[in-house]
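Read-outs: derived from the displayed coordinates by stated rules, not from any lab. Not measured: the values here are computed from a predicted model.
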C-alpha cells in the first residue's frame, strides 16, 4: 500500500503520520511506502518507508515525486486556515484550491494511464456552514460559508465530488470540527483559544477566556479525528448517498461544561481559574454552535469522543 499525506507537518498531519507508521491502516493494512509533504518536515523522521518531500504543493516537482511509483491513497490535509486565509487571500486560494485541483489532476493522469483509482480522504471544515448557523445542523443543512477558508473548502469538496463521479478518485470529504488540543503556535486560527483553555486550565493556571461561560462549541480530540481519518481510508463509499461530504460526529459543549470536565479529569479548580472576558466577534464565530446531528456519518461507523471528560482526557494524550 502506497499512501501520501499532504500537510504532514501540521498538528493533525504529524499525529496521522505517527499512527500510520506505528499501526498501518485499520484492519492490518501494511504500508509499503508513505510519502509525506509539507513546506518543512521533521528531520527526525527516518523510517525507511517514508518518502519525505519538503516543498510547495504548487510546484510540479513535488507531485511528480509523490506519484512516481503510483499511489493507492491520499490524506489531503494541507491548507491555509481560518484567519490566515482572510489575511492572505491569494496564498489561501493557491493552496486551498490550486493545490487541491493539481492533486486531482495527478490522480486523473494516474487512472487514465491504467493505474489504481486512489482513495482520497480530504480534510474539509465546519466553516462551510458559515456564521451565524441555523437553530440546528443536520446532514441536510446547506453550506453557506462567509469566510474565505470555508468558501475554498466547499469549492474543493465539489471538485472531489466531481472527480469521484468521473472515476479519477474515490473521494471522501470530512468536515472537521475544532480539534483539541493544539500546541501553542502562530497558526492564524482564531479558535486557538479553545486549545489554550484546555491546556492552561489542566495545569491549574489562570485563563482569560474570550467567551461567556454559556458559549457553545463543537470539539473533538486529536486522537478521535485521526481515528476518523483512518476509518475513511477504507470506507465502503458505495454506502454513501449522493454527496461525498460528511460532517463528522462531534461533541457540543459549553465552555462552562468544558471547564467542569477539566476539573473532573485533572482534579483542579478549573471553573474558579477562568476570567470570562467575552469578545463579541469571537463568541459569534465560536461560541454559538447549535445542536448537531450526524446520522449519516454515524451509520457509516464514524464516532465522536463520547462525552466531555473523555474529550478532555484524549485531548492532551499523545496520539
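Pick from 224, 96, 196 the residue whose mean-square fluctuation is largest in a GNM of the chain, springs joining Cα atoms under 10 Å. Highest fluctuation among the options: 196. Only one item in (i) -0.62, -1.16, -1.28, -1.46; (ii) -0.43, -1.06, -1.18, -1.35; (iii) -0.35, -0.94, -1.10, -1.41 matches log10 I(q)/I(0) by the Debye sum over Cα atoms at q = 0.08, 0.13, 0.14, 0.16 Å⁻¹ derived from the coordinates shown, and that item is (iii).
Hey, in the GNM for the chain with a 10 angstrom Cα cutoff, which one of 242, 70, 24 fluctuates hardest? Result: 242 has the largest fluctuation of those listed. For the chain, the relative contact order comes to 18 percent (Cα pairs under 8 Å, sequence separation of at least 6).
Could you tell me which of rounded, prolate or oblate describes segment 84-169, using a ≥ b ≥ c as the square roots of the eigenvalues of the alpha-carbon gyration tensor, with rounded for a/c under 1.5 and, failing that, prolate when a/b is larger than b/c and oblate otherwise?
On the way: a/c = 3.72, a/b = 1.60, b/c = 2.33.
Because a/c hits 1.5 or more and a/b fails to exceed b/c, segment 84-169 counts as oblate.
Pull out a ≥ b ≥ c, the square roots of the eigenvalues of the alpha-carbon gyration tensor of segment 126-166, then state rounded if a/c is under 1.5, prolate if not and a/b is larger than b/c, and oblate in the remaining case. Verdict is oblate for segment 126-166. Counting 0.36 nm for each residue step from residue 203 to residue 236 and taking away their Cα separation leaves a gain of 7.7 nm. Comparing 111, 172, 12, which has the greatest mean-square fluctuation in the GNM of the chain with Cα pairs linked when under 10 Å apart? Between 111, 172, 12, it is 111 that shows the largest mean-square fluctuation. For residue 310 and residue 295, the difference between the fully extended length at 0.36 nm per residue and the C-alpha to C-alpha distance is 3.3 nm.
Just to be sure I understand: of the beta bridges DSSP finds with both ends in the chain, what percent are antiparallel, rounded to 5?
Among the beta bridges of the chain, antiparallel pairing accounts for roughly 10 percent.
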